[in-house]
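For reference, the structure is listed below as structure tokens.
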Amino acid sequence: MPVHELAQLTWEEVRDLDRARTLVVLPVGAIEAHGPHLPLDCDVVIAVAMARAGARKLAARGHVVLILPAFAYTAAAFATAFPGTLSISGITVTAVIVDLARSLSAQDFRLLAIANAHLDPEHVTALNESVKLARADRLLPIVFPDLTKKPWGSRLGDEFRSGACHAGQFESSIVLSEQPHRVRDTVRRALEPNPTSLSEAIKAGKRTFAEAGGARAYFGDPAAASADEGRRTIEVLGGILEEAVLAEIGREA
């Protein structure tokens, strides 16, 4: 079955979709500092890659999939000290996602799946809240595989599980795979590993990258990244999205 990009369609083409059976995927990212070597929209690049990989897998199972334009602005308070980071409130994020769900519901789409790898705590809370509010309002289901929770995060490699994974090997590999021309590779190769666990720092009450030990807005080992690893990771992320959507469909049956 086909994978469609909403922005490439005309309104009449959307009208003619079997919308009651169409799965909608929204890539969600951030405009946020990712070390001195990755672009500010790193999380958007990852979310789009995850959305497309998941959509391909779902289409191979016979589902029609529609990918929305990425939602690029969200809560990014940990990085606001770094120029270029743009942060909005979690309340705003929740409101936007629920309003999108309301619009999609009015057009009789089947469900909305969120492809996301931005793990700022306020952002993750906002997405989980949108799932609850959509359910309370009896809108179409919102599917959000939260990578900070089991079983999803355990599938994403040692660096991710360690919590030292912001602009490190995990994310740098994906951008090398998807958009290698946008990686400042000379800078990346020269970066020393930063094994500090951002997730543990968050649990300890730290509220900024600098407080957590990331003075240059990266954690992990960017120099160890590779495009091959990035391609494998994208397939894992796509599989996570696929599995979460299939679980929701199974609950509907």
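The values are calculated or read from the model by the stated rules, or taken from the named source; none is laboratory data. On a predicted model such as this, the values are computed, not experimentally measured, just so you know. Please note: Cβ atoms are built from the backbone with ideal geometry, for glycine as well, and neighbour counts cover all protein chains shown. The protein model used for the area step is the full one, side chains on, heavy atoms only, and it has no ligands, DNA or RNA in it. Shrake-Rupley method; radii C 1.70, N 1.55, O 1.52, S 1.80 Å.
Here residue 170 fulfils each of the conditions (1) farther than 16 Å from residue 40 by Cβ; (2) more than 22 Å from the chain's Cα centre (by Cα); (3) assigned to a helix (DSSP H, G or I) apart from (2). Select from region 17-38 the residues that are closer than 21 Å to residue 193 by Cβ and surrounded by fewer than 24 Cβ atoms within 10 Å (Cβ to Cβ) and list them in ascending order. The answer is 36, and nothing else. Residues that are open to solvent by 50 Å² or more (accessible area, probe 1.4 Å) and over 14 Å from residue 199 (Cβ atoms) within region 125-158 comprise 125, 129, 132, 133, 135, 136, 137, 138, 151, 155, listed in sequence order. Entry remark, region 97-124: residues being crowded, with 17+ Cβ neighbours inside 10 Å and in a helix (DSSP H, G or I) number 9 in total. Go through (1) in a helix (DSSP H, G or I); (2) under 24 Å from residue 234 (Cβ atoms); (3) touching a strand residue (DSSP E or B) at 6+ places or on another chain (Cβ under 6 Å) and name the single condition residue 134 misses. Here residue 134 meets the rest and fails (2). Selection over region 207-253 of residues that are farther than 23 Å from residue 149 by Cα, at pLDDT 95 or above and in a helix (DSSP H, G or I) gives a count of 5.
Among all positions in region 146-154, there is at least one residue which is within 18 Å of residue 47 (Cβ to Cβ), under 14 Å from the mean Cα position of the chain (by Cα), part of a helix (DSSP H, G or I) and without any contact (Cβ under 8 Å) to a residue 24 or more places away in the chain. Summed over region 228-250, the residues that are of a type outside the set (Asp, Glu) and open to solvent by 30 Å² or more (accessible area, probe 1.4 Å) give a count of 6. When region 159-183 is filtered for residues that are open to solvent by 30 Å² or more (accessible area, probe 1.4 Å), within 17 Å of residue 49 (Cα to Cα) and charged (D, E, K, R), the ones remaining, listed by number, are 178, 182.
All told, residue 95 falls short of being touching a strand residue (DSSP E or B) at 6+ places or on another chain (Cβ under 6 Å) and of a type in the set (Gly, Ala, Ser). Would it be correct to say that residue 192 is open to solvent by 20 Å² or more (accessible area, probe 1.4 Å), part of a helix (DSSP H, G or I) and at pLDDT 95 or above? No.
Selection of first residues in region 231-244 that are under 13 Å from residue 177 (Cβ atoms) and of second residues that are open to solvent by 30 Å² or more (accessible area, probe 1.4 Å) and of a type outside the set (A, V, I, L, M, F, W, C), restricted to Cβ pairs under 6 Å at least 6 apart or on distinct chains, gives the following pairs, ordered by first then second residue: 236/155; 238/57. State yes or no: is residue 200 farther than 30 Å from residue 109 by Cα and either aliphatic (A, V, I, L, M) or buried (at least 21 other Cβ atoms within 10 Å of the Cβ) (or both)? No: the conditions fail for residue 200. The strands (runs of 3 or more DSSP E) located wholly in region 1-68 that include 2 or more residues which are closer than 20 Å to residue 104 by Cβ and among the aliphatic types (A, V, I, L, M) occupy 22-28, 64-67.
Matching residues to (1) among the hydroxyl-bearing types (Ser, Thr, Tyr); (2) over 15 Å from the mean Cα position of the chain (by Cα); (3) within 23 Å of residue 163 (Cβ to Cβ); (4) modelled with pLDDT of 95 or more:
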{"site": "67", "(1), (2), (3), (4)": "no, no, no, yes"}
{"site": "70", "(1), (2), (3), (4)": "no, no, no, yes"}
{"site": "73", "(1), (2), (3), (4)": "yes, no, no, yes"}
{"site": "92", "(1), (2), (3), (4)": "yes, yes, no, yes"}
{"site": "109", "(1), (2), (3), (4)": "no, yes, no, yes"}
{"site": "116", "(1), (2), (3), (4)": "no, no, yes, yes"}
